[in-house]
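The structure appears below as structure tokens.
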Amino acid sequence: MRYEQFLFTRNQERDFTAFVRPAALTNKDISTIGNIFNYVHEIARLARDFPSVYCFALGEYYLLVRHYNSGRRHAGRAIGVIEGIAVHQSEGGDFARALPDFMADLEQLNVVDTLPDLESQATSLSPVIIWQGSAAPRLPNDDFVGEFLGRIDEDRLFLPFSQRGWMMLRAVLSYHPYAAPPLFAFGTNSSALGEFAARGIDMDVVSYFNTDLPAYRSRATGHKRGPVLDFPWEDPEPAIAPSMAIRPPTGDDTIPEFLGERPKAAPAAPPPPAVTPRARLDQPLDLISDETPLLTIREMRDRIRAESQVEPPPPPTGFDPLRWIVRLFESLISKNK
């Protein structure tokens, strides 16, 4: 499987920028990422050893990124890091099989440490990297994954932002036969999820910062539709629950008011394609053919130039009275000279 790297952060001189970007990720795509993650305000509490993790489709790619506090500050505020990998959608099946390996070792998403000096770093295109890993073994929770697959068209799986929720997400992803990866937002809020939805990015698994218990919620209404059963893995003792520092002191996460409200002034978006989530996982969308070549920068430039050239208008044909009068006038003037 081939992949490219992505790094979105800021330094002291430059505002939030894609310092490392995949070749086919457009400026509009990067602005979309910045706009969505701008709705996540809990950056200071997102640790690198337990970050938010997202997998979503955008443009020509599937992106797998982690979001965490860099430890640096600007104007008194924590600076976030969004870094990870981008895989061409034509390789969605291979990405689905590789995904459990990346989830087992998130340091494979590390990009910022590969730069010699972020403060003097210019923006650059990522090289194409060949994944050298192997498919991670399945986590044996067939009943749990089976219920998830049986409900996926109507419901989303909501997980706690904790070690237990992390293991449940990994169990879902370790189900190898996916033809395309499940999309998820682990460690987020309803405003960011609403921004994904407004752009036709339909998440299958979600973990809010204040979610305490796993449950299924209706995709259409967001209402709770049932608890999650048959998952034996529990948090170790003492409980490791990073969400405890973020969730409000009181409130029931099954009540929508405590999940936060998406801003009213939301960008309008066209309706998503009429494909069920289960169909998407069972059979990849034919968005990009497997035979689509990966163009070099020069080839992309030449294609853009060719598409932007305007053909000259065809020469005039037939009798044009106005043109005949102009030519007659010109001939009379030339004779008088």
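Find out how many positive minus negative residues lie around residue 44, taking Lys and Arg as positive, Asp and Glu as negative, among other residues whose Cβ is under 13 Å from that of residue 44.
Working: positive: 45, 48, 72, 73, 77; negative: 42.
Cβ neighbours under 13 Å give a net charge of +4.
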task: Taking the Cβ of residue 175 as the centre, find all other residues whose Cβ is under 11 Å away and add up their charges (Lys, Arg: +1; Asp, Glu: -1).
output: +2
message: I need the phi-derived Karplus couplings for the stretch 9-21: 6.51 cos²θ - 1.76 cosθ + 1.60, θ = phi - 60°, integer Hz, Gly and Pro marked x.
response: 7, 9, 10, 6, 9, 10, 5, 3, 8, 7, 5, 10, 9
task: Could you please put 328, 139 in sequence from largest to smallest accessible area, using a 1.4 Å probe?
output: 328, 139
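Order 178, 39 by their accessible area, 1.4 angstrom probe, all chains in place, largest first.
Numbers: 178 10, 39 55 Å².
Sorted descending by solvent-accessible area, the residues read 39, 178.
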field: Distance between the stretch 171-195 and the stretch 56-120 - C-alpha centres, whole angstrom
entry: 15 Å
field: In sequence order, calculated HN-Hα J values of the stretch 58-64 (Karplus, 6.51, -1.76, 1.60; Hz; x Gly/Pro)
entry: 8, x, 8, 10, 9, 10, 10
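So what is the accessible area of the stretch 56-103 per residue, in Å², with the probe set to 1.4 Å? Present the calculation step by step, with values, prior to reporting the outcome.
On the way: 1300 Å² over 48 residues.
Here the per-residue accessible area is 27 Å².
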- prompt: In terms of modelled amide H atoms, which long-range or inter-chain residues lie less than 5 Å from the amide H of residue 52?
  reply: 67
- prompt: Whose amide H sits under 5 Å from the amide H of residue 72, counting only residues 5 or more places off or on another chain, with H placed in the peptide plane?
  reply: 79
task: Using θ = phi - 60° and the Karplus relation 6.51 cos²θ - 1.76 cosθ + 1.60, list the HN-Hα couplings for the stretch 108-118 in order, rounded to whole Hz, with x at every Gly or Pro.
output: 5, 8, 5, 10, 4, 6, 7, 8, x, 7, 5
message: Need one number: nm distance between label points at residue 130 and residue 28, each 7 Å from Cα along Cα→Cβ, rounded to one decimal.
response: 3.5 nm
With every protein chain in place, the stretch 46-95: carbon and sulfur % of accessible area (1.4 Å): 44 percent
message: Sort 1-10, 45-54 by packing, meaning the average of other beta carbons within 10 Å per residue, with the highest value first.
response: 1-10, 45-54
- request: Compute the label zone of residue 107 within the stretch 30-57: residues whose backbone N is under 14 Å from the point 7 Å along Cα-to-Cβ.
  value: 48-50
- request: Rank these residues by their accessible area, most exposed first, probe 1.4 Å: 72, 280.
  value: 72, 280
- request: If a/c stays under 1.5 just call it rounded; otherwise compare a/b with b/c (prolate if a/b is bigger, oblate if not). Do that for the stretch 13-139, with a ≥ b ≥ c from the square roots of the Cα gyration tensor eigenvalues.
  value: prolate
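The values are calculated or read from the model by the stated rules, or taken from the named source; none is laboratory data. Here the structure is a predicted model, which is why all the values come from computation and not from measurement. We place every Cβ from the backbone using ideal geometry, glycine too, and count neighbours over all the protein chains shown. What goes into the accessible areas is simple: the full protein's heavy atoms, side chains included, and nothing from ligands, DNA or RNA. Shrake-Rupley method; radii C 1.70, N 1.55, O 1.52, S 1.80 Å.
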